[in-house]
1. Can you tally the net charge around T127? Count Lys and Arg as +1, Asp and Glu as -1, for every other residue whose Cβ sits under 12 Å from the Cβ of T127.
2. Relative contact order for the chain: what percent, with Cα pairs under 8 Å and sequence separation of 6 or more?
3. Which residues does the label zone of R96 cover in the range 247-286, counting backbone N under 13 Å from a point 7 Å along Cα→Cβ?
4. As a test of the formula, what do you get for the chain when each DSSP H run with n ≥ 4 contributes -39,500 (n - 2.57) and the sum is divided by the residue count, at 222 nm and rounded to the nearest 500 deg cm²/dmol?
5. Of the listed peptides 104-114, 197-207, 261-271, what is their order by residue-averaged count of other C-beta atoms within 10 Å, with the highest listed first?
6. How large is the accessible surface per residue of the chain, computed with a 1.4 Å probe and reported in Å² as a whole number?
7. Using R₀ = 41 Å, calculate the FRET efficiency as 1/(1 + (r/R₀)^6) where r is the Cβ-Cβ separation of D194 and D70; round to 0.05.
8. Would you please give the FRET efficiency between A294 and Q131, computed as 1/(1 + (r/R0)^6) with r the Cβ-Cβ distance and R0 = 41 Å, to the nearest 0.05?
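The values are calculated or read from the model by the stated rules, or taken from the named source; none is laboratory data. What you see is a predicted model; the values in this text were computed from it and never measured. Cβ sites come from the backbone with ideal geometry, for glycine too, and all protein chains shown count toward neighbours. To get the accessible areas, we keep the full protein, side chains included, count just its heavy atoms, and leave off ligands, DNA and RNA. Shrake-Rupley method; radii C 1.70, N 1.55, O 1.52, S 1.80 Å.
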Amino acid sequence: MSRTLRLSAAIAFATFGLAACSDSSGTGTGLLTVRMTDAPFPFSDVASVDVFVVRVDARASDPTDAQATDETNQAGWTTIATPNASFNLLDLAGGRTTNLGAATLATGTYDGFRLIIDPSKSTMTLTDGTQPAITFPSAGHSGIKVNLAQPISLTADGSVMTLDFDVGRSFVMRGNGAKNGFIFKPVVQAVAEDITGSVSGSVHANSATGAVVPNATVEVLTAGSLITDADPTHIVRTTSTDTNGNYRIAFLLPGTYVVRATPPTASGFKPALLPGGLTITTATETQNQIIVVAP
(Lines give C-alpha, C1' and ligand atoms only; values in the text may rest on other atoms or scores of the structure.)
Protein backbone atom coordinates (compact mmCIF):
# COMPACT_ATOMS: atom_id res chain seq x y z
CA MET A 1 0.00 0.00 0.00
CA SER A 2 1.29 3.45 -0.83
CA ARG A 3 2.07 5.68 2.15
CA THR A 4 1.78 9.44 2.12
CA LEU A 5 3.69 12.26 3.78
CA ARG A 6 2.41 15.80 3.58
CA LEU A 7 5.00 18.55 3.63
CA SER A 8 3.77 22.14 3.86
CA ALA A 9 6.24 24.85 3.00
CA ALA A 10 4.30 27.56 1.24
CA ILE A 11 4.62 25.87 -2.12
CA ALA A 12 2.84 22.70 -3.26
CA PHE A 13 3.80 20.24 -5.98
CA ALA A 14 2.33 17.28 -7.86
CA THR A 15 2.36 13.74 -6.50
CA PHE A 16 4.64 11.21 -8.13
CA GLY A 17 6.32 7.87 -7.41
CA LEU A 18 9.90 7.98 -6.13
CA ALA A 19 12.51 5.37 -5.35
CA ALA A 20 13.82 5.32 -1.78
CA CYS A 21 16.15 8.29 -1.25
CA SER A 22 16.35 8.64 2.53
CA ASP A 23 18.10 6.93 5.39
CA SER A 24 14.87 5.25 6.48
CA SER A 25 14.89 1.57 7.25
CA GLY A 26 11.34 1.31 5.90
CA THR A 27 10.36 0.39 2.38
CA GLY A 28 7.12 2.36 2.06
CA THR A 29 6.47 5.68 0.41
CA GLY A 30 4.94 8.92 1.61
CA LEU A 31 3.34 12.01 0.07
CA LEU A 32 5.45 15.14 0.69
CA THR A 33 3.56 18.43 0.32
CA VAL A 34 5.38 21.77 0.19
CA ARG A 35 4.03 25.26 0.92
CA MET A 36 5.73 28.62 1.24
CA THR A 37 5.25 31.49 3.66
CA ASP A 38 7.05 34.75 4.25
CA ALA A 39 8.39 36.99 6.93
CA PRO A 40 7.21 40.38 5.56
CA PHE A 41 9.74 42.86 4.18
CA PRO A 42 10.15 45.62 6.79
CA PHE A 43 10.29 48.63 4.47
CA SER A 44 7.01 50.52 4.19
CA ASP A 45 7.84 51.74 0.66
CA VAL A 46 7.85 48.26 -0.90
CA ALA A 47 4.59 47.23 -2.57
CA SER A 48 5.48 43.71 -3.74
CA VAL A 49 8.33 41.21 -3.87
CA ASP A 50 7.69 38.74 -6.68
CA VAL A 51 9.93 35.68 -6.79
CA PHE A 52 9.63 33.20 -9.66
CA VAL A 53 9.94 29.66 -8.27
CA VAL A 54 11.03 27.10 -10.85
CA ARG A 55 11.13 24.00 -8.67
CA VAL A 56 11.83 22.51 -5.24
CA ASP A 57 14.34 19.66 -4.74
CA ALA A 58 14.89 17.31 -1.80
CA ARG A 59 17.64 14.93 -0.72
CA ALA A 60 18.35 12.68 2.25
CA SER A 61 21.68 14.24 3.22
CA ASP A 62 22.46 17.84 4.14
CA PRO A 63 23.97 19.58 1.06
CA THR A 64 26.78 22.08 1.02
CA ASP A 65 26.02 25.60 -0.18
CA ALA A 66 27.78 24.77 -3.47
CA GLN A 67 25.68 21.63 -3.97
CA ALA A 68 22.49 23.60 -3.36
CA THR A 69 23.50 26.48 -5.62
CA ASP A 70 24.45 24.38 -8.67
CA GLU A 71 20.98 23.67 -10.00
CA THR A 72 22.37 21.79 -12.99
CA ASN A 73 23.81 19.12 -10.68
CA GLN A 74 20.96 16.74 -9.79
CA ALA A 75 23.17 14.11 -8.12
CA GLY A 76 21.37 13.01 -4.96
CA TRP A 77 18.47 15.40 -5.55
CA THR A 78 14.85 14.55 -6.33
CA THR A 79 12.52 17.21 -7.70
CA ILE A 80 9.39 17.35 -5.54
CA ALA A 81 7.66 20.42 -6.98
CA THR A 82 7.71 22.36 -10.26
CA PRO A 83 5.38 25.35 -9.78
CA ASN A 84 7.08 27.48 -12.49
CA ALA A 85 5.18 30.47 -11.17
CA SER A 86 5.70 33.86 -9.57
CA PHE A 87 4.73 34.45 -5.93
CA ASN A 88 4.38 37.81 -4.18
CA LEU A 89 6.05 37.07 -0.86
CA LEU A 90 4.29 39.99 0.81
CA ASP A 91 0.97 38.19 0.28
CA LEU A 92 2.22 35.45 2.60
CA ALA A 93 2.51 37.48 5.80
CA GLY A 94 0.98 36.51 9.14
CA GLY A 95 1.37 32.77 8.66
CA ARG A 96 -0.53 32.61 5.37
CA THR A 97 0.73 29.91 3.03
CA THR A 98 0.38 28.81 -0.57
CA ASN A 99 0.80 25.25 -1.81
CA LEU A 100 3.78 24.62 -4.04
CA GLY A 101 3.13 20.92 -4.42
CA ALA A 102 3.31 17.45 -2.93
CA ALA A 103 5.29 14.34 -3.74
CA THR A 104 5.24 10.68 -2.78
CA LEU A 105 8.60 9.89 -1.21
CA ALA A 106 10.15 7.02 0.71
CA THR A 107 9.45 7.35 4.43
CA GLY A 108 12.42 8.45 6.49
CA THR A 109 14.47 11.53 7.34
CA TYR A 110 15.26 14.31 4.87
CA ASP A 111 18.03 16.76 5.67
CA GLY A 112 18.31 18.71 2.42
CA PHE A 113 16.01 20.95 0.41
CA ARG A 114 16.66 23.67 -2.14
CA LEU A 115 14.57 26.24 -3.96
CA ILE A 116 15.36 26.99 -7.61
CA ILE A 117 14.35 30.49 -8.69
CA ASP A 118 14.59 32.44 -11.94
CA PRO A 119 16.08 35.91 -11.21
CA SER A 120 15.17 37.17 -14.70
CA LYS A 121 11.49 36.77 -13.77
CA SER A 122 11.81 38.01 -10.17
CA THR A 123 11.14 41.67 -9.33
CA MET A 124 10.45 44.12 -6.52
CA THR A 125 7.97 46.97 -6.96
CA LEU A 126 7.94 50.07 -4.77
CA THR A 127 4.82 51.93 -3.70
CA ASP A 128 5.49 54.57 -6.37
CA GLY A 129 5.38 51.89 -9.06
CA THR A 130 9.11 51.82 -9.83
CA GLN A 131 11.22 48.66 -9.76
CA PRO A 132 14.64 48.99 -8.10
CA ALA A 133 17.60 47.00 -9.41
CA ILE A 134 18.31 43.73 -7.61
CA THR A 135 21.73 42.09 -7.70
CA PHE A 136 21.29 38.31 -7.85
CA PRO A 137 24.12 35.74 -7.51
CA SER A 138 23.77 34.77 -11.17
CA ALA A 139 21.87 35.76 -14.28
CA GLY A 140 20.60 32.21 -14.76
CA HIS A 141 18.63 30.01 -12.38
CA SER A 142 19.75 30.28 -8.76
CA GLY A 143 19.67 27.43 -6.26
CA ILE A 144 18.89 28.44 -2.65
CA LYS A 145 19.69 26.15 0.25
CA VAL A 146 16.80 25.80 2.69
CA ASN A 147 17.84 26.02 6.34
CA LEU A 148 16.11 23.35 8.42
CA ALA A 149 15.24 23.92 12.06
CA GLN A 150 15.58 20.14 12.32
CA PRO A 151 15.45 17.29 9.79
CA ILE A 152 12.05 16.60 8.23
CA SER A 153 10.74 13.20 9.28
CA LEU A 154 8.38 11.65 6.75
CA THR A 155 6.08 8.95 8.10
CA ALA A 156 3.34 6.83 6.59
CA ASP A 157 0.81 9.35 7.95
CA GLY A 158 2.40 12.17 5.98
CA SER A 159 4.02 15.45 7.01
CA VAL A 160 3.69 19.13 6.12
CA MET A 161 6.78 21.34 5.77
CA THR A 162 6.55 25.11 5.68
CA LEU A 163 9.18 27.24 3.92
CA ASP A 164 9.61 30.70 5.42
CA PHE A 165 11.18 33.09 2.91
CA ASP A 166 12.40 35.97 5.07
CA VAL A 167 12.14 38.99 2.79
CA GLY A 168 13.48 41.43 5.37
CA ARG A 169 16.80 39.61 5.60
CA SER A 170 16.94 38.27 2.02
CA PHE A 171 17.02 41.66 0.29
CA VAL A 172 19.78 43.93 1.59
CA MET A 173 19.22 47.57 0.71
CA ARG A 174 22.05 49.38 -1.07
CA GLY A 175 22.71 52.79 0.44
CA ASN A 176 20.04 54.53 2.46
CA GLY A 177 17.02 54.24 0.20
CA ALA A 178 15.01 51.56 -1.60
CA LYS A 179 15.49 53.32 -4.94
CA ASN A 180 19.22 52.54 -4.73
CA GLY A 181 18.43 48.86 -5.24
CA PHE A 182 19.02 45.64 -3.30
CA ILE A 183 21.44 42.75 -3.02
CA PHE A 184 19.80 39.33 -2.86
CA LYS A 185 21.13 37.24 0.04
CA PRO A 186 18.40 34.63 0.52
CA VAL A 187 17.33 33.44 3.96
CA VAL A 188 14.87 30.56 3.59
CA GLN A 189 13.99 28.39 6.57
CA ALA A 190 11.80 25.30 6.87
CA VAL A 191 10.12 23.39 9.65
CA ALA A 192 7.56 20.60 10.00
CA GLU A 193 4.30 22.42 10.55
CA ASP A 194 2.77 19.99 13.06
CA ILE A 195 5.43 20.60 15.73
CA THR A 196 5.22 24.40 15.76
CA GLY A 197 3.27 27.16 17.49
CA SER A 198 2.63 30.85 16.79
CA VAL A 199 2.38 34.28 18.40
CA SER A 200 0.15 37.26 17.66
CA GLY A 201 -0.35 40.68 19.16
CA SER A 202 0.04 44.39 18.51
CA VAL A 203 2.40 47.33 18.93
CA HIS A 204 1.23 50.53 20.66
CA ALA A 205 2.69 53.93 21.43
CA ASN A 206 3.31 55.02 25.05
CA SER A 207 0.84 52.60 26.67
CA ALA A 208 -0.95 49.31 26.05
CA THR A 209 -4.05 51.28 25.04
CA GLY A 210 -2.16 53.95 23.11
CA ALA A 211 -2.18 54.60 19.39
CA VAL A 212 -1.28 51.63 17.19
CA VAL A 213 2.08 51.61 15.40
CA PRO A 214 1.90 50.38 11.79
CA ASN A 215 4.93 49.23 9.77
CA ALA A 216 6.93 48.34 12.88
CA THR A 217 9.41 45.50 12.39
CA VAL A 218 8.73 42.67 14.85
CA GLU A 219 11.44 40.09 15.44
CA VAL A 220 11.49 36.84 17.40
CA LEU A 221 14.99 36.45 18.85
CA THR A 222 16.75 33.66 20.68
CA ALA A 223 16.40 33.57 24.47
CA GLY A 224 18.74 35.99 26.24
CA SER A 225 18.99 38.44 23.33
CA LEU A 226 19.21 42.11 24.31
CA ILE A 227 17.20 44.98 22.91
CA THR A 228 20.35 46.24 21.15
CA ASP A 229 21.31 42.80 19.78
CA ALA A 230 22.50 43.11 16.17
CA ASP A 231 23.72 39.53 15.69
CA PRO A 232 21.79 38.12 12.70
CA THR A 233 22.21 34.56 14.03
CA HIS A 234 19.96 35.50 16.95
CA ILE A 235 17.02 36.38 14.67
CA VAL A 236 14.56 33.49 14.45
CA ARG A 237 11.71 35.11 12.49
CA THR A 238 10.71 38.60 11.41
CA THR A 239 7.48 40.29 10.36
CA SER A 240 5.94 43.76 10.43
CA THR A 241 2.78 45.24 11.86
CA ASP A 242 -0.15 45.96 9.56
CA THR A 243 -2.08 49.22 9.31
CA ASN A 244 -3.84 48.38 12.59
CA GLY A 245 -0.58 47.73 14.43
CA ASN A 246 -1.18 43.96 14.53
CA TYR A 247 1.40 41.23 13.92
CA ARG A 248 1.45 37.44 13.75
CA ILE A 249 4.40 35.07 13.43
CA ALA A 250 3.76 31.39 12.81
CA PHE A 251 5.82 28.17 12.53
CA LEU A 252 7.91 28.70 15.66
CA LEU A 253 9.47 25.71 17.38
CA PRO A 254 8.50 25.18 21.05
CA GLY A 255 10.74 27.08 23.45
CA THR A 256 11.38 30.49 24.98
CA TYR A 257 12.15 33.61 22.97
CA VAL A 258 12.60 37.38 23.09
CA VAL A 259 10.31 39.56 20.94
CA ARG A 260 11.46 42.99 19.77
CA ALA A 261 9.48 45.73 18.02
CA THR A 262 11.33 48.42 16.07
CA PRO A 263 9.08 51.30 14.91
CA PRO A 264 9.76 53.14 11.63
CA THR A 265 12.52 55.72 12.08
CA ALA A 266 10.21 58.56 11.14
CA SER A 267 7.88 57.75 14.05
CA GLY A 268 10.38 58.97 16.63
CA PHE A 269 9.80 55.90 18.83
CA LYS A 270 12.54 53.59 20.07
CA PRO A 271 12.66 49.77 19.95
CA ALA A 272 11.06 47.85 22.81
CA LEU A 273 10.81 44.25 24.02
CA LEU A 274 7.77 42.16 24.87
CA PRO A 275 7.63 42.13 28.69
CA GLY A 276 8.36 38.73 30.20
CA GLY A 277 9.51 37.19 26.94
CA LEU A 278 7.63 34.58 24.92
CA THR A 279 7.01 30.87 25.44
CA ILE A 280 5.83 28.83 22.46
CA THR A 281 4.12 25.45 22.79
CA THR A 282 3.19 23.02 20.02
CA ALA A 283 -0.12 23.57 18.21
CA THR A 284 -0.87 26.69 20.28
CA GLU A 285 -1.12 30.38 19.34
CA THR A 286 0.03 32.74 22.09
CA GLN A 287 -2.28 35.71 21.59
CA ASN A 288 -2.65 39.34 22.67
CA GLN A 289 1.08 39.96 23.08
CA ILE A 290 1.32 43.76 23.34
CA ILE A 291 4.59 45.63 22.88
CA VAL A 292 4.69 49.28 23.98
CA VAL A 293 7.15 51.69 22.35
CA ALA A 294 8.01 55.19 23.48
CA PRO A 295 10.16 58.16 22.37
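1. -1
2. For the chain, the relative contact order is 20 percent.
3. Within reach of a label on R96: 248.
4. Estimated from H runs of four or more residues: -500 deg cm²/dmol.
5. Numbers: 104-114: 22.8, 197-207: 19.6, 261-271: 16.2.
Result, highest mean first: 104-114, 197-207, 261-271.
6. Details: 12410 Å² over 295 residues.
That works out to 42 Å² per residue.
7. E(calc), rounded to 0.05, equals 0.80.
8. 0.65
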